[in-house]
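Novice: Mind having a look at this structure? Questions to follow.
The values are calculated or read from the model by the stated rules, or taken from the named source; none is laboratory data. This structure is a prediction, so every number in the text was calculated from the model and none was measured. A quick note on method: Cβ atoms are made from the backbone with ideal geometry, for glycine too, and the neighbour counts reach across all protein chains shown.
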Amino acid sequence: MKESDILLVGDSIIEYGLWDEYLGENFKNRGLGGETTAGLKEWFPRIAEKPHAAIILLIGINNLKSGEKNSINRYLADMYELCNEYSGKAKIFLVGILPINEQMAQEFIHCTNDELEKINEKLKKKWPIQSNMSNMSMLGLP
């Protein structure tokens, strides 16, 4: 890994993307299909400590797939913990949970895209401007 590399970290949306073809060779794919934030917390430290220009995090849909009542709060807490711990060591961009096909949303994660939007709004509210998280940004979603 080089200091100019930008790491794309997340679940299958990242894993199956041809990011180096789409965005350039300095974008490195670190996606793992089916991954949740709990799993990401296990291996994220190994990549966050290596030289890189930035980390783009796109993960969360698989947390909701579990159907657990507390899955949204767990997702929010895990993302806050990861970003809070590593924002001083890495420039982190958090994408949030992308909208998906409405029928798939109902079958796969048992919620609507409107509910996903509300989750992303909660995530945005988790990032008040704090000095210890100055390297952390939430990328806007349409």
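Novice: Inside the stretch 32-60, can you point out the residues that are over 10 Å from the mean Cα position of the chain (by Cα) and outside any loop (DSSP other than H, G, I, E, B)?
Specialist: Selection gives Ala38, Gly39, Lys41, Glu42, Trp43, Phe44, Pro45, Arg46, Ile47, Ala48, Ala54.
Novice: Something else now. So, in the stretch 65-89, how many residues would count as being closer than 20 Å to Ile14 by Cα and either without any contact (Cβ under 8 Å) to a residue 24 or more places away in the chain or buried (at least 22 other Cβ atoms within 10 Å of the Cβ) (or both)?
Specialist: Looking only at that region, the number is 4.
Novice: A further question follows. Taking the stretch 4-32 as the search range and keeping residues that are of a type in the set (Gly, Ala, Ser) and under 18 Å from Met79 (Cα atoms), which one is surrounded by the fewest Cβ atoms within 10 Å (Cβ to Cβ)?
Specialist: First, pick out the residues of the stretch 4-32 that are of a type in the set (Gly, Ala, Ser): 4, 10, 12, 17, 24, 31.
Cutting the leftovers down to under 18 Å from Met79 (Cα atoms) gives us 10, 12, 31.
Working: Gly10: 25, Ser12: 15, Gly31: 19.
Out of the qualifying residues, it is Ser12.
Novice: Oh, and also: Confirm whether Gly67 is at pLDDT 90 or above and within 21 Å of His110 (Cα to Cα).
Specialist: In short, no.
Novice: Also: Just the residues that are closer than 20 Å to Arg46 by Cβ and within 10 Å of the chain's Cα centre (by Cα), please, taken from the stretch 84-107. Break it down into steps so the answer makes sense when it comes.
Specialist: Taking the stretch 84-107 and keeping what is closer than 20 Å to Arg46 by Cβ, we get 84-94.
Ile92, Phe93, Leu94, listed by residue number.
Novice: Name the residues in the stretch 95-123 that are under 16 Å from Ser66 (Cα atoms), touching a residue at least 12 places away in the same chain (Cβ under 8 Å) and either outside any helix (DSSP H, G or I) or in contact with an Asp or Glu (Cβ under 6 Å, 6 or more places away or on another chain) (or both), would you?
Specialist: Ile97, His110, Cys111
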